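Below: one structure, written as structure tokens.
Bear in mind that the values in this text are calculations on the coordinates, not laboratory data. Worth saying up front: this structure is predicted, and the values here are computed from it rather than measured. We place every Cβ from the backbone using ideal geometry, glycine too, and count neighbours over all the protein chains shown.
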């Protein structure tokens with residue numbers, strides 16, 4: 001089995017086309033004041049604790065759960081190509097740890113084609129996360145991102 005097909009078996013991919021220019025979509029991902037407006041499933045408020053947007057920089061967000069507890073997500077930026085790609089390690093404690101997230105941006109006129117990959121360390125872990133509803137969770141997040149972009 002090739003490395004690419006093996007990686008595909010460990011990856012969950014979501015695709016969207018946002019009705020916003022790539023510059024705006026990029027800013028939504030790279031400015032902490034914007035991230036706080038859309039990161040997390042519907043109904044959750046997000047507080048940006050740390051956001052050092054550079055390769056090697058750390059990010060850490062806290063999402064307020066309906067029961068009052070905080071859900072922490074954090075990671076380290078691994079690769080940044082302006083208007084093209086943001087790759088990061090990521091932990092979403094306590095549900096998901098040790099994954100890589102890849103946000104890929106492609107200009108499509110005045111819209112933006114967006115691909116989001118969550119790369120898991122093993123195929124089994126990827127399958128477990130899929131069964132837990134990873135697609136629904138991230139789908140809700142990107143619904144919020146789409147709404148945020150429409151308001152801008």
Above 20 angstrom, tally the Cα pairs of the chain and express them as a % of all pairs, no decimals.
48
Once you put a point 7 Å from the Cα of residue 16 and another 7 Å from the Cα of residue 85, both along the Cβ direction, what distance in nm separates them?
2.2
Any idea what the relative contact order of segment 3-151 is, in percent, if you count C-alpha pairs under 8 Å spaced at least 6 apart?
30
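Would you kindly state how much longer the chain becomes between residue 67 and residue 113 on full extension, computed as 0.36 nm times their sequence separation minus their alpha carbon distance, in nm to one decimal?
Taking residue 67 through residue 113 to full extension adds about 13.0 nm, to one decimal.
How long are the semi-axes of the equivalent ellipsoid of segment 22-74, defined as square roots of 5 times the Cα gyration tensor eigenvalues? Whole Å, largest first.
Square roots of five times the eigenvalues give 21, 14, 7 Å.
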